[in-house]
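Contents: one structure, followed by commentary.
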């Protein structure tokens, strides 16, 4: 194995951590936009951008995992099937919560309602990320996957 191959293999665990950090930061920015509670059309447009951007990023991350990363892990480590099943169920739950957030943003729900949606997403997202990192980081350090990172972990 060449040094480049070793670096690329280890990079998958680093990539996952970096994507999770960016999504956490995007959530903080989105919650900050809601907390500012400014009114008016400009503030509503800004909030729409934050919320829709965050929702699209998180959804894209999970779709990439479901379609590229998890099948590769499943092929290399079939014993992780229960873990991958749990993570996929989390993805479905988070998608449901994101749909509720999008609907609330689209109808210009009050800031308190938006914050409740974001709190729910934050709680499940953080639990999911921690579980995923505990279960998969070591596997990702040895996973051979020759696919661009944005196809595997989403366009971030």
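Here are some notes:
- Filtered residue count, the stretch 119-152, keeping only those that are surrounded by 15 or more Cβ atoms within 10 Å (Cβ to Cβ), more than 12 Å from the chain's Cα centre (by Cα) and more than 23 Å from residue 75 (Cβ to Cβ): 1
- Reported count of residues in the stretch 124-149, each being part of a loop (DSSP other than H, G, I, E, B) and under 20 Å from residue 67 (Cβ atoms), is 6.
- Residues in the stretch 117-156 that are touching a helix residue (DSSP H, G or I) at 6+ places or on another chain (Cβ under 9 Å) and within 18 Å of residue 29 (Cβ to Cβ): 117, 118, 119, 120, 121, 122, 125, 126, 129, 154, 155, 156.
- Unmet criterion (only one of (1) loosely packed, with under 13 Cβ neighbours inside 10 Å; (2) touching a residue at least 24 places away in the same chain (Cβ under 8 Å)) for residue 82: (2)
- Just one residue in the set 23, 48 is at pLDDT below 80 and either closer than 21 Å to residue 99 by Cβ or touching a helix residue (DSSP H, G or I) at 6+ places or on another chain (Cβ under 7 Å) (or both); that residue is 48.
- Here residue 111 clears all of (1) modelled with pLDDT of 95 or more; (2) farther than 24 Å from residue 21 by Cβ; (3) touching a helix residue (DSSP H, G or I) at 6+ places or on another chain (Cβ under 7 Å) except the condition numbered (1).
- Lone unmet requirement of (1) within 14 Å of residue 141 (Cβ to Cβ); (2) loosely packed, with under 14 Cβ neighbours inside 10 Å; (3) modelled with pLDDT of 80 or more for residue 15: (2)
The values are calculated or read from the model by the stated rules, or taken from the named source; none is laboratory data. Everything numeric here is computed off the predicted structure, so don't read it as measured data. Ideal geometry is used to build each Cβ from the backbone, glycine not excepted, and the neighbour counts take in all protein chains shown.
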